[in-house]
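Trainee: Have a look at this one.
The values are calculated or read from the model by the stated rules, or taken from the named source; none is laboratory data. This structure is a prediction, so every number in the text was calculated from the model and none was measured. Neighbour counts are summed over all protein chains in view; Cβ atoms, including those assigned to glycine, are modelled from backbone coordinates with ideal geometry. For the accessible areas, the whole protein counts, side chains as well, though only heavy atoms, and no ligand, DNA or RNA atoms are used. Shrake-Rupley method; radii C 1.70, N 1.55, O 1.52, S 1.80 Å.
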Amino acid sequence: FMIPITKNGDPRIVPIPEAINRIVGRPNIHRDVLSAKFKEACQKAGYGHLRLHDLRHSAASQLLNAGADLGVVGLILGHRDPKSVRRYAHLATDTARRWMNFAASGRQVLDSHRPQSGEPRNKAKKRA
């Protein structure tokens, strides 16, 4: 959906999952109104402590732990400077652990046999 005025004064399109898009459509709403509506909904649902901004951190964590790289996460979060997204690098602990376990297994990985989509495979592919 579109945020017409962001913190830096520029408009921004925020990518949202298709399932959510089907439910809410593509609202064109000011961030203050969106935040207020979100806060109201959270209070009604018993999550009064939750802030809209908390969802950014949750999304970054889930994306990184699913294997997304920092560049993709920065793009989704709308960071102009790649340095801004580095604050989330520590959240990729599960992904880093899987890669270290893979490396520690002693398997050789050729460029053509590297795991796809950031997820280490249990077995390396055999050469044809």
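Trainee: Just to be sure before I move on: is Leu55 assigned to a helix (DSSP H, G or I) and surrounded by fewer than 12 Cβ atoms within 10 Å (Cβ to Cβ) in the structure I sent? Talk me through it step by step, then tell me what you get.
Mentor: Values: assigned to a helix (DSSP H, G or I): yes; surrounded by fewer than 12 Cβ atoms within 10 Å (Cβ to Cβ): yes.
Yes: the conditions hold for Leu55.
Trainee: Quick check, is His79 surrounded by fewer than 10 Cβ atoms within 10 Å (Cβ to Cβ) and modelled with pLDDT of 85 or more? Before the answer, list the steps.
Mentor: Working: surrounded by fewer than 10 Cβ atoms within 10 Å (Cβ to Cβ): no; modelled with pLDDT of 85 or more: yes.
So His79 does not fit the description; no.
Trainee: Another question about this same structure. Residue under question is Arg87, and the condition is that it be assigned to a loop (DSSP other than H, G, I, E, B) and open to solvent by 50 Å² or more (accessible area, probe 1.4 Å); does it hold?
Mentor: The answer is no for Arg87.
Trainee: Here is a follow-up. Filter the range 18-42 down to residues that are of a type outside the set (A, V, I, L, M, F, W, C) and either more than 24 Å from Leu63 (Cα to Cα) or modelled with pLDDT of 80 or more (or both), then give me how many there are. Steps first, please.
Mentor: Our first condition is that a residue be of a type outside the set (A, V, I, L, M, F, W, C); within the range 18-42, this holds for 18, 21-22, 25-28, 30-32, 35, 37, 39-40.
Of the ones still in play, those that are also either more than 24 Å from Leu63 (Cα to Cα) or modelled with pLDDT of 80 or more (or both) are 18, 28, 30, 32, 35, 37, 39-40.
Looking only at that region, the number is 8.
Trainee: Just wondering, is there one or more residues in the range 10-21 that are touching a residue at least 24 places away in the same chain (Cβ under 8 Å) and out of contact with any strand residue (DSSP E or B) (no Cβ under 9 Å at 6 or more places or on another chain)?
Mentor: Yes, the range 10-21 contains at least one residue that is touching a residue at least 24 places away in the same chain (Cβ under 8 Å) and out of contact with any strand residue (DSSP E or B) (no Cβ under 9 Å at 6 or more places or on another chain).
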